[in-house]
Amino acid sequence: MFTGIVEELGQVVSLDPRTDESARLRVRGPKVLTDTSAGDSIAVNGCCLTVVEHDAEQFAADVMCETLVRTGLGDLGPGAPVNLERAVRADTRLGGHLVQGHVDGTGTVLERRRAEHWEVVRIGVPAELVRYLAVKGSVTVDGTSLTVVTVTDEPPACTVSLIPTTLAATTLGHRQAGDRVNLEVDVLAKYVERLLASGAPA
């Protein structure tokens with residue numbers, strides 16, 4: 001479990017195919033490795049990955065083909081910046097919202113509008129995910145917990161506002177129109193939908 005508060009802007013070292021079904025991703029991220037052990041979870045651009053080996057500067061994780069296809073991890077190459085967050089501990093503050101690290105789909109940056117102290121970014125959202133978004137609700141974009149500003153069903157899209165800290169400390173400061181981003185909707189919305197569809201009493 002994560003909170004969507006990015007701890008470190010890491011960097012991809014390599015993404016090497018191991019078999020037809022998996023690849024090994026190696027990432028530089030010394031801050032998130034200060035108390036990490038093999039088997040721990042680290043969210044990379046919002047994707048929960050398991051550390052299989054590490055030293056003081058880098059860690060490696062095995063990524064299945066399904067994950068590479070369904071997320072933006074397959075687009076990464078050496079030198080690419082990535083948002084990193086260690087799994088939340090029970091004794092820390094939940095600064096963002098509850099994030100599973102299970103990417104629901106990818107969106108596309110459609111537009112960036114610069115204001116005096118922030119930027120508004122419009123993101124195209126898959127039609128099957130837009131129903132889970134609500135104004136003032138939460139969405140995770142590349143592992144970053146953000147508040148939804150507006151939602152449109154046609155075309156399916158949302159806008160989010162990025163404060164200077166987010167622009168400086170995450171990959172979202174570098175994303176341009178046309179870039180693909182990982183999206184995770186609020187898990188509570190999915191559970192509510194499932195309960196209502198099952199006919200469970202309110």
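The values are calculated or read from the model by the stated rules, or taken from the named source; none is laboratory data. The shown structure was predicted, so the numbers you read here are calculated from the model rather than taken from an experiment. Here the Cβ is made from the backbone with ideal geometry for all residues, glycine too, and neighbour counts use every protein chain on show. Heads up: the accessible areas ignore ligands, DNA and RNA and are worked out on the full protein's heavy atoms, side chains in. Shrake-Rupley method; radii C 1.70, N 1.55, O 1.52, S 1.80 Å.
Residues in the range 145-187 that are outside any strand (DSSP E or B), over 28 Å from G29 (Cβ atoms) and either open to solvent by less than 40 Å² (accessible area, probe 1.4 Å) or in contact with a Gly (Cβ under 9 Å, 6 or more places away or on another chain) (or both): 1 in all. Given the residues G77, G29, which is the only one that is surrounded by fewer than 20 Cβ atoms within 10 Å (Cβ to Cβ) and of a type in the set (G, A, S)? Unique residue meeting the criteria: G77. For the range 57-68, the set of residues classified as hydrophobic (A, V, I, L, M, F, W, C), surrounded by fewer than 19 Cβ atoms within 10 Å (Cβ to Cβ) and assigned to a helix (DSSP H, G or I) consists of C65 only. All of T71, T106, T92 fail the test of being of a type in the set (S, T, Y) and open to solvent by 40 Å² or more (accessible area, probe 1.4 Å), apart from T92. Within the range 58-74, residues that are closer than 13 Å to P17 by Cβ reach partners that are small (G, A, S) with beta carbons closer than 7 Å, at six or more positions or on different chains, in the pairs D62/S22; V63/S22; V63/A23; M64/S22; C65/S22; L68/A23; L68/G74.
Return yes or no: is R194 of a type in the set (K, R), closer than 24 Å to L9 by Cβ and at pLDDT below 95? No, not satisfied.
The rows are residues; the columns are (1) under 18 Å from R175 (Cβ atoms); (2) within 15 Å of the chain's Cα centre (by Cα); (3) among the acidic types (D, E).
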residue	(1), (2), (3)
S41	no, yes, no
L76	yes, yes, no
G79	yes, no, no
T106	yes, yes, no
R113	yes, no, no
V130	no, no, no
L146	yes, yes, no
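When residues in the range 109-119 are screened for being buried (at least 17 other Cβ atoms within 10 Å of the Cβ) and either under 26 Å from K31 (Cα atoms) or charged (D, E, K, R) (or both), 1 of them pass. Number of residues in the range 151-201 that are free of Cβ contacts under 8 Å to residues at least 60 places away in the same chain and of a type in the set (D, E, K, R) equals 4.
When the range 1-56 is filtered for residues that are in a loop (DSSP other than H, G, I, E, B) and in contact with a Gly (Cβ under 8 Å, 6 or more places away or on another chain), the ones remaining, listed by number, are M1, T3, G4, I5, V6, G29, V32, N45, G46.
For the range 120-141, the set of residues classified as farther than 16 Å from D186 by Cα and open to solvent by 40 Å² or more (accessible area, probe 1.4 Å) consists of R122 only.
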